[in-house]
Amino acid sequence: VQLQASGGGLVQAGGSLRLSCTASGSDVGGYIMGWHRQAPGRPREFVAAISSGGSTNYADSAKGRFTISRDNNKNMVYLQLNNLKPEDTAVYYCFAEDVQRRFNYWGQGTLVTVSS
């Protein structure tokens, strides 16, 4: 499975971005998909995930501002980022979790920069 993330950029505080992640090489419809992020000098942290059936899970920092969704027909997962804050500045990585094999696939990341 190869994952390609896109949609990052520079935005002012309070603005919005929509991140996309395209999976190729295999059908990931049965996988959990989601996003982590890593800010400079900080460990990678969980942001949001969505199951194959559409159940979602969010980090506390993302609740109420970010929305994760997926399109199984297109093998894609999205992350809508609203009301962005400077502390959201990070490289955002998408992942696909093969629950049966207990293996995670990772994309290359897309940079989100929020200016104050």
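Counted by Cβ distance under 12 Å from S20, the other residues give a net charge of +2, where Lys and Arg count +1 and Asp and Glu count -1. Each peptide in 96-107, 17-28 gets a packing score, the mean of other Cβ atoms within 10 Å over its residues, and the list from highest to lowest is 17-28, 96-107. Contact order, relative form, for the chain: 36 percent (alpha carbon pairs under 8 Å, 6 or more residues apart, mean separation divided by residue count). Computed from Cα atoms alone, the Kirkwood hydrodynamic radius reported for the chain is 14.0 Å.
Positive contributions from Lys and Arg (+1) and negative ones from Asp and Glu (-1), summed over other residues with Cβ under 12 Å from the Cβ of N82, come out at +3.
Just so you know, all these numbers are worked out from the coordinates, no wet-lab data involved. Model, not experiment: these values are computed from the prediction. Note that we place each Cβ from the backbone using ideal geometry, even for glycine, and neighbour counts take in every protein chain shown.
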